[in-house]
Protein chains: 2
Amino acid sequence: MRAPLYSTVLLLLLQGERPSTACSGGCVKQLTVCVFGLRWGRRSLLSRQLGFRMRSLRKTVLLAILVSVVLVLALLHSWPTRAYTTVDVWQRPGPIVERHLEDRLPEPDQRLGNIPFHVRDNVASLLARNGCVCEGESGGVNLPFAQLLFPRVSAHPLHTAFEASELEEMKRRRAKEYKSFQKRSQTPADVLIVAEANNPLQYPTQGVEVRPLKTIIIPGLALHNLPRDHYSINITATLGTLNVAAEVDGVKIKGDGEMHMTLSSSLLPNLNRQLQFVTYTNTLFHPSTADTVQFETEGHQAVFSIKIRHGVTPKLYNTGSKGDYNVSALVTIATKTFLRYDKLQDLIDSIRRYYPTVTIVIADDSENPKTISGPYIEHYIMPFGKGWFAGRNLAVSQVTTKYVLWVDDDFIFTANTKLEKLVDVLERTTLDLVGGAVREATGYTATYRQTISIEPGEEDGDCLHMRRGFHHIIQGFPNCVVTDGVINFFLARTDKVQQVGFDPRLARVAHLEFFIDGLGSLHVGSCDDVIVNHATKIKLPWVSQSESDKIYAKFRYPPASSDATHTKNGLLFFKNRFQCLTHN
Amino acid sequence: MRAPLYSTVLLLLLQGERPSTACSGGCVKQLTVCVFGLRWGRRSLLSRQLGFRMRSLRKTVLLAILVSVVLVLALLHSWPTRAYTTVDVWQRPGPIVERHLEDRLPEPDQRLGNIPFHVRDNVASLLARNGCVCEGESGGVNLPFAQLLFPRVSAHPLHTAFEASELEEMKRRRAKEYKSFQKRSQTPADVLIVAEANNPLQYPTQGVEVRPLKTIIIPGLALHNLPRDHYSINITATLGTLNVAAEVDGVKIKGDGEMHMTLSSSLLPNLNRQLQFVTYTNTLFHPSTADTVQFETEGHQAVFSIKIRHGVTPKLYNTGSKGDYNVSALVTIATKTFLRYDKLQDLIDSIRRYYPTVTIVIADDSENPKTISGPYIEHYIMPFGKGWFAGRNLAVSQVTTKYVLWVDDDFIFTANTKLEKLVDVLERTTLDLVGGAVREATGYTATYRQTISIEPGEEDGDCLHMRRGFHHIIQGFPNCVVTDGVINFFLARTDKVQQVGFDPRLARVAHLEFFIDGLGSLHVGSCDDVIVNHATKIKLPWVSQSESDKIYAKFRYPPASSDATHTKNGLLFFKNRFQCLTHN
């Protein structure tokens, strides 16, 4: 198909515009148009360009109108839909499919409805409620160190981040943005499908995929009917066409190359052999979607999805030399600094004692940035006070090694800070990130493990639940557990951290927001045997604060009613669509 | 369950460590352990910590050994597996499921094998080959402007990026990294499952999801058997337990709360009512996986997946005031500059003529960076020559608005550069990115539309195919099309661009690598009616190159055999696992 196209079509090639060779009908039209366009004789390049576009546009628009008249709009309520703004298709299941799906949702008929049952509270209470409720724990012991010894769960409604006057507008905007988000993120592959019982049809229910605009054989189709005179099956698709890769004797084929194909035969074995050659070709382009295919014979229907998507393109990193872990080839250390060059230099010196050639990336939004020099040091200057997460995002955006180690600029490496151990965890498990432990001057060592879960809510938003703790210990790594959030000392796969990102909208205090954004993407671990020291934060009364310490404190620990708190909770409310945060 | 836990367990609370309250059996064990631990009397904090861990570890390890003995390793060939390194589970389907799946893969029995068929070449040729072949187009007309008028497809094997001496080692490393990647990215939800015909079981084949460690009712389960004395069904899961939310009279329940549950009754309606209350609780934590559930009755089996994952947390942006598009609230302009401050200033001045308050983010890796000042300008200084994609990644990492507009530092805004039009496209479609057009001094306007597809290969890698052109025109936007790659002037959703990222390993020449990395994630459009001018690149012989122009040219247009080309093709080979690139 390609050869004739290239040798006969003389498009306006300087433009380099040409619809993909995958489109069959459209190409022929444009072929004709182009050849005609050339016979016009000499004209200015521009008007020929315009002429060509006008003609092909008109034809394409006519085709669009014709096809869109044929399609029917889908039901809206509770139907995951995707506005598929192409020439002629809205990506929603057609009417026949919906009716059938509706039939399949389990509805207790009269007989079943009358059968007595007794609710099991311990199980029923585990089921999700309709919407979530923003409540903490009440009661508990009222001792001096109560919160420390018996941390109660407190609940924080997030709408309080906004003034009463702006709240309605914020809710309205959030709902609008959320609706667009849903259109973009839901696919027909998530719709509930229930397989009909006693169906003579055999068909694939999972695992059928095709790359966009490509062709596959649909596996597993067959008909296991009782003997009869004549057998007939229909297959219907909405985002592609059906065909056969081979023709079997004794089978009549109708509609091959179209979205609705019928195969019929009086010989069941022949029909089943023919069914093994049925192909699906995706014709309506979308980079990531699914087609809902109907497969039916007299009296019975089956519905299944064909995922239409590119494969997942890997992002692999070179690991350096064979043998032991080459930390300099595998790891880049990333940090952000602000007005604390003395602490930063202490950090760098301590790193160099153990890892003389590991690259250190420093994001710096100090007011009058100093030069930080040294081999394997990359220093980035940001606008003054641009912010904490902006700096974190900048630093990780520059990493070119397989792993990135996050450290705060006031950490100190010691002999216990064995990065090889953390590398070992990520090399030998499927974890994406593993945290270590931070030791304070007092000797107290923290891992700050947090489990995070989200309880779906309704229009008001979801509920975010954070609890100290972990899920389980990791086999083979007795000092390590699986959790959802960790302390600010962790090794992670660079591609995963870059994919989740640190939201630059968080200017000041923020930490777990990264793990909230990473929920579902990051598989997080925490090991307590890799320890970094924390340069003391204890404000000793007889030590006067330096000027830079004072400015630092002003930015780092803003007063409770400042914009920082607003930004944190306001973001949770708007960006992530939460109504409530509970934690202990 | 929470209240007793908090009020009776005195764990080593300064550590703040506590397994999540979602684990039931484990919690009781640790509760006992902790209470016992306290009765030891005073000991050092450290040894108490160790003691507690040792005891619970021992019990957990015993449990692990017990459960792992039960599980059998899955088949390796063509079975997507995920190494689930937790206490006791490797995330692979168990033996019974595999045998059943194997039975279901269509194998023509003797009768079907003998039925004659005739291959349809035009369809069969569309099917994917086993592995891809690196070949371009041969022949074609040999005219002066041949490549321009009849762009032939050329094929580029990518292993040539490496010296022969290092190629074997690179292949070995790449294969190892790819294997780990596959373990992390495949899930049981992608396995092919074929539904058995004439199965009296009714069950859900798609759309069943549970959040990690949560509980749901499994929808759609039923038995539609012919009348008999006694009906019995078994349900088996591997990553969670089964139970019932309510007990129905006349139904015997065995194994409730375990991974294998049996329901039996002599009354079919009662059994079906009971089946409407079956619950699944995920107990083995993983942030994103799927459980393969077997549902069977005498003589028949059904297999389906329950997806275990957090919901997709939205990342919504505030859009500013109501009404018309507020470009300053919605868009941030991002660019990278290197030694071309004069051109950069021209760009800024031209932007300001039309958009006086839009934020401009500038990543700068010039050798002696100048200060760029002005309102709504953010200037970032990078290490000298750090690189093109590193700079792009930096700039977009700092954007806090819903959309980001990429421009090169030598563009000039004109009255035709109406950003509102591009915003309109992204606001009203599900596209993630929309490119504009760049006009050269000659008047020639380019959109550089490219379609990209990947043909899967075998151990040698996949084949990457890029062709000029687009997929189709967008309904409602007659000047816009859908494609896979565009020119370096585009508006995009900030969260999607940050998620795909610009790989900082690409130091010099690179462009489409961003779109290759974005394949499958980005839905890309291109409109030719939003035009930006390109400050001329024509090297007029009588105009002497300035010093900075010369240095710029040295970095920008490296000689063919330099590292830059190596990095581009070497990266395609290693990072994305391609063996071949074809393009026209």
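The numbers here are math on the coordinates, done by the rules we state, and not lab data. What you see is a predicted model, and the numbers here were worked out from it, not measured in a lab. Note: ideal-geometry Cβ built from the backbone for every residue, glycine included; neighbour counts use all protein chains shown.
Calculated on the Cα set of region A:245-346, radius of gyration then Dmax: 28.2, 87 Å.
What the Kirkwood sum gives for region B:276-324 is a hydrodynamic radius of 15.0 Å, with every pair of different alpha carbons counted. Summing charges over neighbours of A:GLY435, with a neighbour being any other residue whose Cβ is under 10 Å away from its Cβ, gives 0 when K and R count +1 and D and E count -1. Summary of the geometry: region B:395-421 and region A:217-284, compared by the centres of their Cα atoms, lie 51 Å apart. Here each label is just a point 7 Å from Cα along the line to Cβ, and for B:GLU367 and B:GLN186 those points are 5.1 nm apart.
Ranked from shortest, the separations from the 7 Å Cα-to-Cβ label point of B:GLU137 to its equivalents in the other copies are 7.1 nm.
Per the Kirkwood formula applied to alpha carbons, region B:370-493 shows a radius of gyration over Rh ratio, Rg over Rh, of 1.01. Using R0 = 22 Å, the C-beta based FRET efficiency linking A:SER321 and B:ALA155 works out to 0.10.
Per residue, the convex hull spanned by the Cα atoms of region A:278-429 measures out at 208 cubic angstrom.
Run through region A:281-357 and list the trypsin sites (Lys or Arg not before Pro) located in a DSSP loop whose Cβ has at most 10 other Cβ atoms within 10 Å.
A:LYS322
Each residue of region B:360-365 is assigned a 3J(HN,Hα), and the resulting list reads 10, 9, 10, 9, 9, 10 Hz, derived from the Karplus form 6.51 cos²θ - 1.76 cosθ + 1.60 (θ = phi - 60°), x at Gly and Pro. Other residues lying with their Cβ under 12 Å from the Cβ of B:PRO200 contribute a combined charge of -3, Lys and Arg counting +1, Asp and Glu -1. The calculated FRET efficiency for B:VAL119 paired with B:THR442, based on their beta-carbon distance and R0 = 56 Å, is about 0.65. Qualifying trypsin sites (Lys or Arg not before Pro) in region B:154-233, where qualification requires a DSSP coil assignment and no more than 11 other C-beta atoms within 10 Å, comprise B:ARG228. Between identical copies, the spacing of A:TYR178 label points, each set 7 Å from Cα toward the C-beta atom, reads 4.3 nm from nearest to farthest. Here A:GLY250 yields copy-to-copy label distances, from shortest upward, of 4.6 nm, the label point defined as 7 Å from Cα along Cα to C-beta. Projected onto its three principal axes, the C-alpha set of region B:393-438 covers 30, 28, 14 Å, listed from the longest axis down.
For region A:223-326, the list of GluC sites (Glu not before Pro) that fall in a loop by DSSP and count at most 12 other C-beta atoms within 10 angstrom reads A:GLU298.
Dipole magnitude of region B:407-524 about its Cα centre, charges +1 at Lys/Arg Cβ and -1 at Asp/Glu Cβ only, in debye to the nearest 20?
Around 600 debye, computed over region B:407-524.
In terms of other Cβ atoms within 10 Å, B:SER350, A:SER397 run from fewest to most in the order B:SER350, A:SER397.
Over all other residues within a Cβ to Cβ distance under 13 Å of B:LEU422, the charged ones net out to -1, with Lys and Arg as +1 and Asp and Glu as -1.
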